[in-house]
Amino acid sequence: MARKPGPGTCVHCLKHADKRNWDHVFPQGWYPDTTPQNLEKWKIPSCKLCNDEYGRIEDELRIIFSTCIDPTSARASGIWAKTLRALDPRRAKNEKDRRARAEKKTQLLAKMLKGDAIPDQAIYPGLGERWDRPRGDQIAISVPANHLKKVVEKVIKGLAYIEDGRLIDAEMEITHHVVDQTGAKPIEELLAAFGANHSRGPGIEVSRAVTPEDGISAVYKITIWGEIVMYATVLPKSTQQSNELDA
Ligand SMILES: [Zn+2]
């Protein structure tokens, strides 16, 4: 897969591109040190614009998420160390790089909330306080919801392309469901009954159940570093709308 994919459709934006790159479905930097050496890392053909945009989003999300996870977990091994390196000005190659690292650190600190400033209703399921610190000592960090949605879309489009050779077009709606264990029950039940495991080593777990009717409508569960759990569905847009009307 070393050669570039050449001209064709970008799996993300579905536009034709004369030049495409191999885009990692999960960025290289998200795989923990405990990932088996011989694991095949999923790649999909992408236009440069989408590839660059995802690169920025994923870099930012890795830094944000790495502050929320247990750094001693084998499933997240080396991820926090990467963030420390990315922010360390002493590792800068030149002045521009040093400024970029300082800027990343400033941006990260600006996203931090402490104690009573943390809104209870906005805490991502499973990522609430797990260290029993008093409220005043708790620290939270805000995550751009749109970036999470983009990552979910990428994994789903990537897997559909790699496993089924399918592109997910504008007729289909990908929805990221931010739900707790109770809310996730219908998806968990479908996965338990019909799901297939597509995990990429200990740090990146993906399971999905695809309906045989159209081979593309599906439920997905994506777990990063054993802690960040994202549920999603893929449904035809017409179904989506009628479901909303029923509700
Ligand atoms: Zn594109």
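The values are calculated or read from the model by the stated rules, or taken from the named source; none is laboratory data. Worth saying up front: this structure is predicted, and the values here are computed from it rather than measured. Neighbour counts run over all protein chains shown; Cβ positions are idealised from the backbone, glycine included. Side chains included, ligands, DNA and RNA excluded: accessible areas come from the protein's heavy atoms. Shrake-Rupley method; radii C 1.70, N 1.55, O 1.52, S 1.80 Å.
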**OP:** Could you give the size of the charge dipole of the chain about its Cα centre, using +1 on the Cβ of each K and R and -1 on the Cβ of each D and E, expressed in debye and rounded to the nearest 20?
**Re:** 1520 debye
Subject >> Environment charge of Met172, counting only residues whose C-beta is closer than 11 Å and scoring Lys/Arg +1, Asp/Glu -1 >> reply: -2
Subject >> Estimated distance in nm for a label pair at Asn146 and Glu163, the labels positioned 7 Å out from Cα along Cα-to-Cβ >> reply: 2.9 nm
**OP:** State the percentage of accessible surface on the range 166-246 attributable to carbon and sulfur atoms; use a 1.4 Å probe and exclude ligands, DNA and RNA.
**Re:** 53 percent
**OP:** Measure out, as a whole number of angstrom, how far apart the alpha-carbon centroids of the range 27-99 and the range 195-209 sit.
**Re:** 20 Å
Original post:
What order do you get for 107-115, 218-226, 48-56, 197-205 when each peptide is scored by the mean count of other beta carbon atoms within 10 Å, highest first?
Top reply: 218-226, 197-205, 48-56, 107-115
Original post:
Considering amide H positions built from the backbone, and no H for Pro or chain starts, which residues 5 or more places from Ser217, or on another chain, come under 5 Å of its amide H?
Top reply: Thr211
Original post:
If you roll a 1.4 Å probe over the range 1-80 with all protein chains in place, what percent of the accessible area is carbon or sulfur?
Top reply: 50 percent
Original post:
Measuring from label point to label point, each 7 Å out along Cα→Cβ, what is the Ala117 to Lys82 span in nm?
Top reply: 2.8 nm
**OP:** Would you mind getting me the FRET efficiency between Leu49 and Arg91? Use the beta-carbon distance for r and R0 = 30 Å, nearest 0.05.
**Re:** 0.55
**OP:** Find the accessible area per residue for the chain; the probe is 1.4 Å, ligands and nucleic acids are left out, and the unit is Å².
**Re:** 56 Å²
**OP:** Would you pull out the residues with amide H under 5 Å of His177's amide H, same chain only if 5 or more places away, H placed 1.01 Å from N?
**Re:** Tyr231, Ala232, Thr233
Original post:
Residue by residue, what Karplus-based ³J(HN,Hα) values in Hz, rounded to whole numbers, does the range 196-204 have, using 6.51, -1.76 and 1.60 with θ = phi - 60° and x for Gly and Pro?
Top reply: 10, 8, 10, 5, 10, x, x, x, 9
**OP:** Give the accessible area for Asp120 in Å² (nearest 10); use a 1.4 Å probe, count only protein heavy atoms, and leave out ligands, DNA and RNA.
**Re:** 100 Å²
